[in-house]
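I have placed the structure first, in the form of structure tokens, so that the comments after it can refer back to it.
Bear in mind that the values in this text are calculations on the coordinates, not laboratory data. Nothing here was measured: the structure is a model prediction, and the numbers come from that model. Here the Cβ positions follow ideal geometry from the backbone for every residue, glycine too, while neighbour counts run over all protein chains shown.
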Amino acid sequence: MGRDMYRQRILDHYRDPQNYGEMDDADVTYEDVNPSCGDEIRMYAVVDEDDEIVDVNFDGQGCAISQASASLLTEEVKGMTVEEVRDLETEDIKEMLGIELSPVRVKCAVLGLKVLEGGIVEYKKEKQT
Amino acid sequence: MSVEKASPYKVDGVREDFPVLGRTVDGEELVYLDNAATSQKPQSVIDAVSEFYEQHNANVHRGLHTLSQEASEAYETAHDRVAEFIGAEGRENIVFTSNTTEGVNTVAFGWGTRHVEEGDNIVLTQMEHHSSLVPWQQVAKRNDAELRFLEVEQGIVKDGEVEEKIDEDTAAVSVVHMSNVFGTFTPVDDIIERAHEHGARVLVDGAQSAPHAPVDVSEMDADFFVTSGHKMCGPTGTGVLYGKKEALHETSPYQYGGEMIKIVEYEDATWTDLPWKFEAGTPNIAQAVGLSAAIEYLEDLGMENVHEHERSVTRYALELLEDDDEVTLYGPPADHEDRGGVVSFNVSDAHAHDTSELLSDEGIATRSGHHCAQPLMRDMGVPATTRASFYLYNTHEEVDAFVQAIETVKEVFA
């Protein structure tokens, strides 16, 4: 582990994150932190009437793994339905990153997904009321 | 550059006393620089714990059989040893806790909630560990008191803060003795003098001081002093709460149950003597015996020597890192006269977590994050730092390896 984790693709996404920045008109807005290292992620998503994610952004700060993972996730989930996103698991994130992760760093890696899923739960609740 | 690498004792010999220091991590020699979190244990401590379980294991206090008497004797004597180590009068002043946090909570809830009144203020520093900050926040909320903070700059309490913040409405002062983020010492003598002029009680958080430097609580005149056994070569599950007798008499037990009572009736009960009334339930007996051995180990080395050794290693690390433009250091410079063995830093654009991960790849154990001081980190404008913290067994050569490994971090994040 260690150095192998910091593949070029991870570092590229860390330095130049995709779909980065606040989104004013989002249907889903949610944030959370990883208290052990202080990673912060906010996720924004625009969802259409078929529950499909048509646009998604994130912002925040933290370690390379958390930020790169969130960046990759935004690319991955565009076009998916919110249910499909909720079915994503830790294994999917590991596969997406393509690196070995120690248990501590798994928390960093899945923070983006956790935030997006939290936001979707809120969105669904609101939709029902 | 010529940097002094002196040590008051032979470090190589000391290192042989600590079995874990001989291990490797992924083929690299372990360089353990996470001592502010917990220290490693010498063989004598490991043996003391084993021997207790092999020869004397029993519950303490009321047993009349031989093993119980031996266990009680060892457990109680550990209190005497700690008392002597930190300059307390005797065992009546020494309460064993599981950790420093439990000590702070005992004071905050056993003393604070009873004696801090509405409109009073509680004075802390900006660099308290969460374990000192959060319990006092709760006291302030429950008792409608105000929290005040002595402002710091690079780990040093700013001039005039003590006089400005501690006043006639101050009921309690709780200050960190040595910062776990900067390695700086708080001017506890001035703070305690000022607080006592206004009738306030003072708790000193010595989690980082007592393991690394000579401490004399009587000379300091602290009302309460808390520290941790596992940061001073002792087993985990050992913490110490010191209190002046009158301060402890003003304190209610924080936990109730067996071992802490005198007479129990169906509707009420009275408490036994100091210090046992604060030690409800079966205590960490074997760990206390281990702590006793740890103190014996430290006394053999001499705490002045330990402090001097760590200052030398720390100064060496700071001087090497101060020359590096890509390393940001937090805290006062290398030539600051009194500084403990803590170096907080960041490397170029790397997040502290990534830095720690890459250092670990080279066998170097550091810690990164907010170091249980989230508000302070926010003030510093950084989400996290990496921290290297030294102890009596770290060498100048390990510092070289550490500084060399930082090059890897720079390469990856260049």
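Which listed residue (A:77, B:374, B:305) has the Cα farthest towards the positive end of the charge dipole for the protein assembly as shown, taking +1 on Lys and Arg C-beta and -1 on Asp and Glu C-beta about the Cα centre?
Result: B:305, furthest along the dipole toward the positive end.
Would you calculate a helix-derived [θ] at 222 nm for chain A, using -39,500 (n - 2.57) for each DSSP H run of n ≥ 4 and dividing by the full residue count, to the nearest 500?
Helices in chain A give a 222 nm mean residue ellipticity of -14500 deg cm²/dmol.
Let me check the size of region B:258-382 from its C-alpha atoms; what are the radius of gyration and Dmax in Å?
Every Cα atom of region B:258-382 included, Rg and Dmax give 22.5, 70 Å.
Counting only DSSP beta bridges with both residues in the protein assembly as shown, what percent are antiparallel, rounded to the nearest 5?
70 percent
Among B:111, B:271, which comes first, then next, by fewest other beta-carbon atoms within 10 Å?
So the residues, fewest neighbours to most, are B:271, B:111.
Dividing the convex hull volume of the alpha carbon atoms of region B:43-155 by its residue count, what do you get in Å³ per residue?
158 Å³
Using the 10 angstrom Cβ neighbour count as an exposure proxy, how do A:86, B:91, B:387 rank, fewest first?
With the fewest neighbours first, A:86, B:91, B:387 line up as A:86, B:91, B:387.
Can you classify region B:319-414 as rounded, prolate or oblate using the Cα gyration tensor, where a ≥ b ≥ c are the square roots of its eigenvalues, rounded means a/c under 1.5, and otherwise it's prolate if a/b beats b/c and oblate if not?
rounded
By what distance, in whole Å, do the Cα atoms of region B:196-333 stretch along each of the three principal axes, largest value first?
69, 41, 29
In debye to the nearest 20, how big a dipole does the protein assembly as shown give about its Cα centre with +1 on each Lys and Arg Cβ and -1 on each Asp and Glu Cβ?
1240 debye
Taking Cα atoms, how many degrees apart are the long axis of helix B:188-197 and the longest axis of chain B, rounded to 10 and kept between 0 and 90?
40 degrees
So between residue B:378 and residue B:308, what do we pick up on full extension, going 0.36 nm a residue minus the alpha carbon distance?
Gain in length upon complete extension: 22.0 nm.
What angle, in degrees between 0 and 90 and rounded to the nearest 10, separates the Cα long axis of helix B:396-412 from the longest principal axis of the Cα atoms of chain B?
70 degrees
State the answer as a single residue: which of B:386, B:95, A:101 lies farthest towards the positive end of the charge dipole of the protein assembly as shown, with beta carbon charges of +1 for Lys and Arg and -1 for Asp and Glu, about the Cα centre.
Final value for the positive-end residue is B:95.
Can you give the average number of partner chain beta-carbon atoms within 10 Å of each beta-carbon in peptide A:89-98, as a whole number?
Shielding by partners across A:89-98 averages 0.
What is the ratio of the Cα radius of gyration of region B:350-392 to 2.2 N^0.38 Å, with N the residue count, to two decimals?
So region B:350-392 has a normalised radius of gyration of 1.22.
Would you please give the FRET efficiency between residue B:168 and residue A:36, computed as 1/(1 + (r/R0)^6) with r the Cβ-Cβ distance and R0 = 51 Å, to the nearest 0.05?
0.75
Order these peptides, B:335-347, B:62-74, by their mean beta-carbon neighbour count within 10 angstrom, highest first.
The most tightly packed comes first, giving B:335-347, B:62-74.
Can you put A:96, B:178, A:43 in order, fewest other beta carbons within 10 Å first?
A:96, B:178, A:43
Starting from the Kirkwood radius over alpha-carbon pairs of region A:2-128, derive D by Stokes-Einstein at 4 °C in a medium of 1.567 mPa s and give it in µm² s⁻¹.
Reported coefficient: 90 µm²/s.
What value, in deg cm²/dmol to 500, does the helix sum -39500 (n - 2.57) over DSSP H runs of n ≥ 4 give at 222 nm once divided by the residues of chain B?
The per-residue figure over chain B is -11000 deg cm²/dmol.
Roughly how many nanometres apart are two label points built 7 Å out from the Cα toward the Cβ at residue B:246 and residue B:336?
About 3.5 nm separates the two model spin labels.
Using every alpha carbon pair in region B:99-236, what percent of pairs falls into each 5 Å bin from 0 up to the bin containing the largest distance?
Whole-percent P(r) values from 0 Å outward: 2, 11, 22, 24, 22, 12, 5, 1, 0.
Could you tell me which residue out of A:60, B:276, A:119 lies farthest along the dipole of the protein assembly as shown toward its positive end? Charges go on the beta carbon: Lys and Arg +1, Asp and Glu -1, centred on the Cα centre.
The residue sitting most towards the positive pole is B:276.
For region B:46-299, what proportion of DSSP beta bridges, expressed in % and rounded to the nearest 5, is antiparallel?
45 percent
Compute the long axis of helix B:66-86 from its Cα atoms, compare it with the longest principal axis of the Cα atoms of chain B, and write down the angle in degrees, 0 to 90, nearest 10.
The helix B:66-86 is inclined about 60 degrees to chain B.
Taking the convex hull of the alpha carbon atoms in chain B, what volume per residue do you get, in Å³?
Considering the Cα atoms of chain B, their hull volume per residue is 143 Å³.
Could you give the length gained by full extension between residue A:18 and residue A:100, i.e. 0.36 nm per residue of separation minus their alpha carbon distance, to one decimal place?
Extra length from residue A:18 to residue A:100 when fully extended: 27.3 nm.
Binning at 10 angstrom from zero up to the longest distance, how are the C-alpha pair distances of the protein assembly as shown distributed in percent?
That works out to 4, 17, 23, 23, 19, 11, 3, 0, in percent per bin.
What percentages, rounded to whole numbers, describe P(r) for region B:74-117 computed over all alpha carbon pairs with 5 Å bin width beginning at zero?
Values per bin, smallest distances first: 5, 21, 21, 21, 18, 9, 4, 1, 0.
If you put +1 on each Lys and Arg Cβ and -1 on each Asp and Glu Cβ, how big is the dipole of region A:2-128 around its Cα centre, in Debye rounded to 20?
Computed charge dipole of region A:2-128: roughly 820 debye.
Counting partner chain Cβ atoms within 10 Å of every residue's Cβ in B:342-354, what's the average?
Partner Cβ neighbours, averaged per residue: 4.
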